[in-house]
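Okay, so here's the structure we're looking at.
The values are calculated or read from the model by the stated rules, or taken from the named source; none is laboratory data. No experiment lies behind these values; they were computed from the predicted model shown. All Cβ positions, glycine included, derive from the backbone under ideal geometry; neighbour counts span all protein chains shown.
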Amino acid sequence: MSTRSHFGSLLIQVAQAVARMERDEVCCGDLTFQQFETLRILERIPHVTLGVLATGLAIDQSTASRNLGRLLRAGYLSKDPNESDHRSALLLLTSKGRATIASMACDERDAIAAIYERVSPNRRSSVVEALTALSDALESKVVPVPRKPKKGRS
């Protein structure tokens with residue numbers, strides 16, 4: 001097997017394992033992973049529109065709209081009027097949404113810590129270095145999740 005093929009195989013294997021971990025150990029209750037990601041984006045950037053959220057999740061607006069509908073009905077999110085564009089609404093987490101994020105973030109940290117502990121101590125820095133290189137390579141092609149602007153910048 002060539003290095004490129006081996007890389008591809010490992011990348012798929014890791015992606016599937018992370019998805020399973022997120023589904024089985026982190027995302028619990030009535031939320032899907034995509035809904036959890038939606039809550040995480042809204043935690044970082046409150047008051048975003050459906051369009052910004054869909055772009056951040058790399059999904060189409062109709063899919064984002066369906067997910068938001070479920071989250072709104074379940075009480076994880078609320079909508080505020082968008083004063084600058086009355087055709088859209090601004091989304092934000094409710095106290096239930098914030099509590100869910102806090103709980104799931106703890107579960108996620110615990111799951112990641114367990115994986116880290118299973119990596120041999122003498123290989124951890126190499127694994128972190130490789131993951132950094134992989135993350136950099138992925139970010140160069142993926143639409144970045146919108147970030148909250150730093151103070152003093154527009």
Inset, instruction - Scan segment 45-61 and give yes if some residue there is in contact with a strand residue (DSSP E or B) (Cβ under 9 Å, 6 or more places away or on another chain), modelled with pLDDT of 85 or more and on the phi > 0 side of the Ramachandran plot, otherwise no. - result: yes
Legend entry - Search result, residues across segment 103-128 that are surrounded by 11 or more Cβ atoms within 10 Å (Cβ to Cβ), within 24 Å of T32 (Cα to Cα) and of a type in the set (A, V, I, L, M, F, W, C): M104, A105, C106, A111, I112, A114, I115
Inset, instruction - Look at S88 and say whether it is surrounded by fewer than 12 Cβ atoms within 10 Å (Cβ to Cβ), among the polar types (S, T, N, Q) and more than 27 Å from M21 (Cβ to Cβ). - result: no
Inset, instruction - Please identify the pairs in which a residue from segment 110-126 that is over 16 Å from V14 (Cα atoms) has its Cβ atom under 8 Å from the Cβ atom of a residue that is of a type in the set (D, E), counting only partners at least 6 apart or on another chain. - result: D110/E25
Legend entry - Count of segment 94-140 residues which are over 15 Å from the mean Cα position of the chain (by Cα) and either of a type in the set (D, E) or not in a helix (DSSP H, G or I) (or both): 8
Inset, instruction - Name every residue in segment 62-93 that is polar (S, T, N, Q) and assigned to a helix (DSSP H, G or I), in order of residue number. - result: S62, T63, S65, N67
